[in-house]
Amino acid sequence: MRNDMTTGKEWKLILFFTLPIMAGSFLQQLYNTVDGIIVGQFVSEAAFSGVATCSSLTQLFLALAMGLSIGVGIVISQYYGAGKQDSLPVAVDTALILLGVIGLILTAVGIIIAPFMLGTVLGVPEHILPYSVIYFRAYVLGLFFQFVYNGIAATLRGLGDSKAILLFLVISTVLNVILDLGFVAVLKLGVSGAAYATVISQIVCVVISYRYIRKRFPFNKGTKHWDKEVSATMAKLGLPIAIQQGVVSFGHGAMQRLVNSFSAQMPGNIAAYGAAGRLNSFITVPIMGFQSGLASFTGQNIGAGRLDRVYRGFRETLAMSMSVTLIMCFFMNYNAERVVSAFGVSGNALALGAEQIRFMTWCYWMFCCYQTMGGLLQGSGDTAFQSITTLSALGSSIVAAYALVYFNMLGYSAAWAGTPFGWALAILISYTRFFTGGWRKKAVAGSLARGATQDDAGE
């Protein structure tokens with residue numbers, strides 16, 4: 001299915017391309033949320049805390065998969081926008097081989113490092129550490145399928161086929177919910193049952209999506225399936241983002257360790273932080289969806305030499321993303337206690353979770369501004385600069401949080417109160433890059449020269 005973003009109303013193309021992505025992201029968030037709710041309701045608050053403390057590590061592997069797949073998506077979208085149809089089949093095969101091998105390697109690494117990362121690095125309390133290790137080791141068994149799926153999804157997004165991705169995720173999410181209930185509530189397999197449900201769902205999703213992509217790019221034995229130059233380009237574009245997102249996950253780990261350090265003084269704080277984090281992630285769904293849509297739009301239009309459309313698309317995307325974000329923040333703020341209680345927490349944990357949600361709902365407009373610009377930078381191929389921006393923002397958030405604790409200005413709440421400092425810095429850096437125009441020199445397809453005459457009109 002062709003989805004050409006180089007002609008037509010910019011806001012309409014981005015919106016209708018983004019809606020399936022947002023729905024898919026919502027389903028991905030539902031994946032983790034359902035695990036937490038079912039474990040909290042049918043096992044115990046301690047078990048949910050154990051699963052919650054794994055989030056920074058599971059995010060690390062997911063971040064690596066998504067970061068590398070962004071490099072895939074940039075290459076595919078710019079080849080597609082430039083009309084290089086003959087280059088697409090080998091690029092697809094190269095991407096899937098590259099990501100699949102990395103997924104297998106990281107599975108072995110994850111199994112080995114689980115006790116050290118959870119117990120020593122994150123400082124998970126001993127009474128919940130067994131839950132964390134069991135869940136995480138079961139989770140990493142599915143990394144091969146997670147990496148391959150992200151490669152397929154990035155390819156389809158680069159081609160403008162976001163509806164197929166949504167269909168795959170609907171099937172996978174429904175299956176995950178059914179298996180979660182069966183393994184945890186019925187068979188009483190505990191936290192490992194929740195992880196196995198996720199892995200099996202991922203396997204099914206990969207099988208279906210792989211069959212779909214093979215219909216578009218048939219596997220022919222006599223043709224080329226690996227291109228060293230293409231893989232190097234994907235790695236060059238994707239590795240900065242993968243490293244960036246990996247460091248971001250370590251930053252989340254630093255915040256998780258800060259939260260864990262208060263577990264003795266504030267019972268229930270780990271469960272509260274985990275519940276609030278999962279719920280706040282739903283607010284990021286439209287933000288990240290519009291970012292992804294703008295990235296594909298930017299890639300295709302840069303490939304076609306249409307910088308004027310890139311400028312208009314950015315402005316319209318920011319307006320749409322901000323509107324949806326503000327509505328979601330109002331809903332979460334008003335219903336904070338109600339949504340936190342779904343995780344089976346009560347008392348102190350409930351109050352702390354609601355406090356975190358209410359604080360963050362006043363700050364997400366900053367995240368919206370920052371990530372929308374990130375979509376433009378990604379689509380243009382300016383991924384290294386975006387990585388610098390994100391790492392700078394993360395570093396300042398962590399420093400602010402630990403400083404607030406060290407100087408006795410805040411306690412447990414510093415884990416989230418430092419976040420706006422980082423977002424403000426990210427806005428300053430990324431918008432400076434935008435207005436100075438450095439991102440316009442990063443196009444993979446080499447067609448910026450054709451768009452130079454449209455530059456002034458876009459600005």
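Points worth noting:
- 3J(HN,Hα) from dihedral phi, the stretch 319-331, Karplus parametrisation 6.51/-1.76/1.60, rounded to Hz, x for glycine, proline: 5, 5, 5, 5, 4, 5, 4, 5, 5, 5, 5, 4, 4
- Shape parameters for the stretch 213-306, alpha-carbon atoms, Rg then Dmax in Å: 20.8, 65
- Exposure ranking of Trp365, Trp423 by accessible area [1.4 Å probe, largest first]: Trp365, Trp423
- Carbon and sulfur %, accessible surface of the chain computed with the full protein complex present, 1.4 Å: 68
- With the cut-off at under 20 Å, measuring from each backbone N in the stretch 378-412 to a point 7 Å along the Cα-to-Cβ line of Arg358 picks out 410-412.
- Across the chain, the longest piece that holds none of the trypsin sites (Lys or Arg not before Pro) lying in DSSP loops with up to 15 other C-beta atoms within 10 Å covers 225-459.
- From phi via Karplus (6.51, -1.76, 1.60), per-residue ³J(HN,Hα) for the stretch 177-190 in Hz, x at Gly/Pro: 4, 4, 5, 4, 4, x, 6, 8, 7, 9, 7, 6, 8, x
- Translational diffusion coefficient (Stokes-Einstein; Kirkwood radius from C-alpha pairs) of the stretch 141-268 at 10 °C, 1.306 mPa s, in µm²/s: 89
- For Glu45, solvent-accessible area (1.4 Å; no DNA, RNA or ligand), Å²: 70
- Computed accessible area, Leu181, all protein chains, 1.4 angstrom probe, square angstrom: 70
- Once the Cα gyration tensor of the chain is diagonalised, semi-axes √(5λ) in Å: 36, 26, 19
The values are calculated or read from the model by the stated rules, or taken from the named source; none is laboratory data. Everything numeric here is computed off the predicted structure, so don't read it as measured data. Positions of Cβ are backbone-derived with ideal geometry, glycine not excepted, and every protein chain shown enters the neighbour counts. To get the accessible areas, we keep the full protein, side chains included, count just its heavy atoms, and leave off ligands, DNA and RNA. Shrake-Rupley method; radii C 1.70, N 1.55, O 1.52, S 1.80 Å.
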